[in-house]
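Written out below as structure tokens is the structure these notes cover.
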There are 2 protein chains.
Amino acid sequence: MTNPKSEIFEQFAELARVLGQGNRLELLEHAAQGERSVERLAQLTGLSLANASQHLQVLRRAGFVRSRRDGKRMLYRLGDGPVIELLGALRRYAEHSRAEVRGIVSRYFGRLDSLEPVSREVLLQRLGDGGGVLLDVRPEDEFALGHLPGALNIPFADLERRLAELPKDTQIVAYCRGPYCVLSFEAVAALRAKGYDIKRLEDGFPEWKAAGLPVGTVIATPRPARSLSASAASSR
Amino acid sequence: MTNPKSEIFEQFAELARVLGQGNRLELLEHAAQGERSVERLAQLTGLSLANASQHLQVLRRAGFVRSRRDGKRMLYRLGDGPVIELLGALRRYAEHSRAEVRGIVSRYFGRLDSLEPVSREVLLQRLGDGGGVLLDVRPEDEFALGHLPGALNIPFADLERRLAELPKDTQIVAYCRGPYCVLSFEAVAALRAKGYDIKRLEDGFPEWKAAGLPVGTVIATPRPARSLSASAASSR
DNA sequence: TGGTCATTCAATCAATAGCTTGACTGATTG
DNA sequence: CAATCAGTCAAGCTATTGATTGAATGACCA
């Protein structure tokens, strides 16, 4: 392999291989919500600690995530290259050419129309018009790390209990961690069954942020307070 | 893995794994030039026949290529999903986060400015103004399968011999199989050393075609004549 | 219908990847 | 400074992947 072309392709392939593992894609999605410790990421994905740690290092070597030390914990966040763009291209390709993907979605969440969600542009326009409620169904701690401005946070787990906060007369747009985050699919299914006019946002929080759009945070924490925010991070 | 989210991620990962192999990426680039037999693709990539065949089948299962039978040969061409878009995203990510990629390019082809090529938009505008020559340095058979309209085809191997066909006073834009096709890099390096004003097009032929821009062909062959075109396909 | 050509299939082998376990390191806390 | 906590490292095991070889298929041609 002294051929420069093969070397280049080998570099590309190396990156693709890193994405070629479901667990790593899942870790990546969680890291894209904001900084998280290894333990939390392991917990969220259901992986063993050592396994998660190893996968995170693979992701880091490829630049998909970055890490920093905060006391005795290691915090991982999304890398700063066009990671979301790459994942988006992968998703769009999968939606186009893999019947399985569309199949899974419709099998679990019914209607194919879940695949025709509201785009960022439409959302921006609709919110500008004053109509509509934007609903963030992620756990509180993820919401706190960053969310779409003006969004109402009702974690999916609390949805039943807090129905009163949602209007029945205007359209609701729900979003969560990414285009395939189950929470928003389930929220749409559940609320639609109850007669709400609700649609899913095509993107999740990371895509919004990657597009350079404004992001809200609960408390302005340029460098999150150590033990405080850590102990708050426990919902879902 | 009965979890729909994991299933989706597993689907994505499966696709990424298919791209996670340099040989397959190389086959894909060649298939993107136009329909090619397994034998030709094996030849172009230097793989054994059986090996190429197997890789092509992996690519086909993932929808990256399609195949059809033509007599006793099997012709593979690019699939019809957003393949080029996905590869483009991978390339842009690699350029951003892999020093190795930039390193290889500058190590082999000198100047980093090879990484700042002419974009499609700039090319279109420049050609519209009437200035500039567009140079296709791919082998003749690939040129015949499709090329940018108005391009002059001088295969890289013939470049030295056919220098007279190139103007010294106007800017030349060279392209070949894709953003990292070595031919155009080498053509730029060689001609620049001889005093020509030459730049590389950012894209190659497949990207141009994928963008829906017009494509020229040497002979209009909706279904290429069997033995004729096969025997013509033999350069480089 | 037998021979040939292009490709695929099947078997095999070495190399690699993913996961687990238990030991190790580095920072904090009492 | 020992104990603890968070994460990483190293070793080992199994499953998967990529490549090779030779046999099998499918289409054409004489």
Residue with peak Gaussian network fluctuation, chain B [Cα springs, cutoff 10 Å], from B:Q171, B:Q125, B:Q33: B:Q125
Solvent-accessible area per residue for chain A (1.4 angstrom probe, square angstrom): 46
At least 30 Å² of accessible area lost relative to the chain alone, listed for segment A:58-97 with a 1.4 Å probe: A:P82, A:L86, A:A89, A:L90, A:Y93, A:H96
Share, in percent, of DSSP beta bridges within the protein assembly as shown that are antiparallel, nearest 5: 45
Segment A:103-210, relative contact order in percent, only Cα pairs under 8 angstrom and at least six apart counted: 31
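Counting protein heavy atoms only and a 1.4 angstrom probe, how many square angstrom of accessible surface do chains A and B bury in total, to the nearest 100?
4600
Out of every Cα-Cα pair in segment B:109-210, what percent are more than 16 Å apart? Numbers along the way, then the final one.
Numbers: 2596 of 5151 pairs.
Value for segment B:109-210: 50 percent of Cα pairs lie more than 16 Å apart.
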Carbon + sulfur, % of accessible area of the protein assembly as shown - ligands and nucleic acids excluded, 1.4 Å: 51
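Evaluate the Kirkwood expression for the hydrodynamic radius of segment A:4-81, namely the inverse of the mean inverse distance over all pairs of different C-alpha atoms, and round to one decimal in Å.
Numbers: mean 1/r = 0.0784 Å⁻¹.
Result for segment A:4-81 stands at 12.8 Å.
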Nonlocal Lys pairs with alpha-carbon distance under 30 Å, chain B (8 or more apart, or different chains): 5
In Hz, Karplus ³J(HN,Hα) per residue of segment A:132-139 (6.51, -1.76, 1.60; θ = phi - 60°; x = Gly, Pro): x, 10, 9, 10, 9, 9, 6, x
Within chain B, helix-based [θ] at 222 nm, where runs of 4 or more DSSP H residues each add -39,500 (n - 2.57), nearest 500: -14000 deg cm²/dmol
Listed residues B:G195, B:G79, B:G132, most fluctuating in chain B (Gaussian network, C-alpha, under 10 Å): B:G195
Of all DSSP beta bridges in chain A, antiparallel share, percent nearest 5: 45
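Which loop GluC sites (Glu not before Pro) in segment A:87-172, with loop taken from DSSP, have no more than 16 other Cβ atoms within 10 angstrom of their Cβ?
A:E160
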Diffusion constant of chain B at 4 °C, which comes from Stokes-Einstein with the Kirkwood Cα-pair radius and 1.567 mPa s, µm²/s: 68
Estimated translational D of the protein assembly as shown in µm²/s (Stokes, Kirkwood radius over Cα pairs; 20 °C; 1.002 mPa s): 87
Segment B:4-81, relative contact order in percent, only Cα pairs under 8 angstrom and at least six apart counted: 30
Relative contact order (%) - criterion: Cα under 8 Å, at least six apart; region: chain A: 17
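The values are calculated or read from the model by the stated rules, or taken from the named source; none is laboratory data. Because the structure is a prediction, the values reported are computed rather than measured. Reconstructed Cβ throughout: ideal geometry from the backbone, glycine too, with neighbour counts over all protein chains shown. The area values use the complete protein model at the heavy-atom level, side chains included, leaving out ligands, DNA and RNA. Shrake-Rupley method; radii C 1.70, N 1.55, O 1.52, S 1.80 Å.
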